[in-house]
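> If you scroll down you'll find the structure; I have some questions about it.
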Amino acid sequence: MGADMRINLNQQLAVRATLDALMGRREFDRLCAGMRVQIDNDILYVFVSNENCAAEIEANFSDDLAVAAEQVLGKPVRTVNVLPMDLSSQQK
């Protein structure tokens with residue numbers, strides 16, 4: 001990743017709380033356990049537990065992720081990439 005913005009713990013928690021409210025507790029708990037986010041310019045990278053969760057989140061909740069990140073971080077998100085955690089080490 002290029003000019004990335006490391007998201008601090010408070011921002012991570014705020015994104016999670018906002019997303020929880022947008023998705024609903026049941027869906028959030030099912031899909032987003034251990035979720036971690038990073039941003040690179042206007043691309044939001046979301047790392048979740050497995051490929052199935054990543055695919056479902058990207059298909060159904062990308063807009064919610066963008067809204068949550070924009071609200072918390074105060075910068076535009078144009079693209080959301082949801083990836084399984086095992087790919088996060090390859091993004092560094």
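> Taking only segment 1-35 into account, find how many residues are loosely packed, with under 15 Cβ neighbours inside 10 Å, of a type in the set (D, E, K, R) and not in a loop (DSSP other than H, G, I, E, B). Full working, then the answer.
Looking only at segment 1-35, we keep the residues that are loosely packed, with under 15 Cβ neighbours inside 10 Å, and these are 1-6, 8-10, 13, 17, 21, 24-26, 29-30, 33-34.
Checking which are of a type in the set (D, E, K, R) leaves us with 4, 6, 25-26, 29-30.
Restricting the remaining residues to those that are not in a loop (DSSP other than H, G, I, E, B) gives 4, 25-26, 29-30.
Matching residues across segment 1-35 total 5.
> In segment 57-92, which residues are among the basic types (Lys, Arg) and either in a helix (DSSP H, G or I) or at pLDDT below 95 (or both)? Walk me through how you get there before you give the answer.
Of the residues in segment 57-92, the ones among the basic types (Lys, Arg) are 75, 78, 92.
75, 92 - these are the residues of segment 57-92 that are among the basic types (Lys, Arg) and either in a helix (DSSP H, G or I) or at pLDDT below 95 (or both).
> Only residues in segment 65-82 that are under 20 Å from residue 54 (Cβ atoms) count as the first member; pair them with residues that are polar (S, T, N, Q) and buried (at least 16 other Cβ atoms within 10 Å of the Cβ), Cβ under 8 angstrom, at least 6 apart or cross-chain, and list the lot.
Cβ pairs passing all conditions: 67/18; 68/18; 80/62; 82/62.
> State all residues of segment 37-58 that are surrounded by fewer than 15 Cβ atoms within 10 Å (Cβ to Cβ) and in contact with a Ser or Thr (Cβ under 8 Å, 6 or more places away or on another chain); if no residue qualifies, say none.
The answer is 42, and nothing else.
The values are calculated or read from the model by the stated rules, or taken from the named source; none is laboratory data. For clarity, every value in this text was computed on a predicted model and none was experimentally measured. Counting neighbours? That spans all protein chains shown, and the Cβs are built from the backbone with ideal geometry, glycine included.
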